[in-house]
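A.B. asks: What follows is a structure written as structure tokens; I'll ask about it next.
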Amino acid sequence: MTKKEIVKQIADKIGLTQLKTKEIVQQTFDAIVETLLEDGRIELRNFGVFEVKQRKARKARNPRTGERVDVPPKNVVTFKPGKEMEERVRNLTHVPELSPDEELVAGTANGMRGHPDGKPRAKAQRARKAT
């Protein structure tokens, strides 16, 4: 689901124009980001907690060259769902399927880099070398 679809759904439910609803939704997102930048944490009751955490520095390997590289520490946003959301998701009877475009985006976000086999690039390269 996209922001545009969320805006349309909310506008239809509450009877506001999509333009006004889009402004409200964007202001909400902006407020969440600003709070994270200023306070490092925002708790939305019955929804969840967004928190800024620092990932430790680590050693990694360049999958193309095999060379070891230092990855510096970096700030990341984490999300922990609230009890109500956690319970509702747990009780789902089916998980909605993603379209091929959505799978590529989701795969990229999960470190899969949009590989057509759904494998991380390094694993795919090792698999090709083995054949």
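Yes or no, residue by residue, for (1) under 28 Å from residue 38 (Cβ atoms); (2) in contact with a strand residue (DSSP E or B) (Cβ under 6 Å, 6 or more places away or on another chain); (3) charged (D, E, K, R); (4) modelled with pLDDT under 95:
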site	(1), (2), (3), (4)
57	yes, no, no, no
81	yes, yes, no, no
84	yes, no, yes, yes
94	no, no, no, yes
98	no, no, no, yes
104	no, no, no, yes
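A.B. asks: I would also like to ask the following. Go over the candidates 13, 22 one by one and state the one that is more than 20 Å from the chain's Cα centre (by Cα), part of a helix (DSSP H, G or I) and loosely packed, with under 12 Cβ neighbours inside 10 Å. Break it down stepwise before answering.
C.D. replies: Values: 22 fails: loosely packed, with under 12 Cβ neighbours inside 10 Å.
Just one listed residue meets the conditions, 13.
A.B. asks: Please identify the pairs in which a residue from segment 58-79 that is within 30 Å of residue 42 (Cβ to Cβ) has its Cβ atom under 7 Å from the Cβ atom of a residue that is outside any strand (DSSP E or B) and hydrophobic (A, V, I, L, M, F, W, C), counting only partners at least 6 apart or on another chain.
C.D. replies: Final answer for the pair search is 71/57; 72/57; 73/57; 77/36.
A.B. asks: Of the residues that make up segment 11-32, is at least one touching a strand residue (DSSP E or B) at 6+ places or on another chain (Cβ under 9 Å) and at pLDDT 95 or above?
C.D. replies: First, pick out the residues of segment 11-32 that are touching a strand residue (DSSP E or B) at 6+ places or on another chain (Cβ under 9 Å): 31-32.
Narrowing further to those that are at pLDDT 95 or above: 31-32.
So far as segment 11-32 goes, yes, one or more of its residues are touching a strand residue (DSSP E or B) at 6+ places or on another chain (Cβ under 9 Å) and at pLDDT 95 or above.
A.B. asks: Inside segment 29-47, can you point out the residues that are of a type in the set (S, T, N, Q) and surrounded by 11 or more Cβ atoms within 10 Å (Cβ to Cβ)?
C.D. replies: 35
The values are calculated or read from the model by the stated rules, or taken from the named source; none is laboratory data. Here the structure is a predicted model, which means the values were calculated and not measured. Counting neighbours? That spans all protein chains shown, and the Cβs are built from the backbone with ideal geometry, glycine included.
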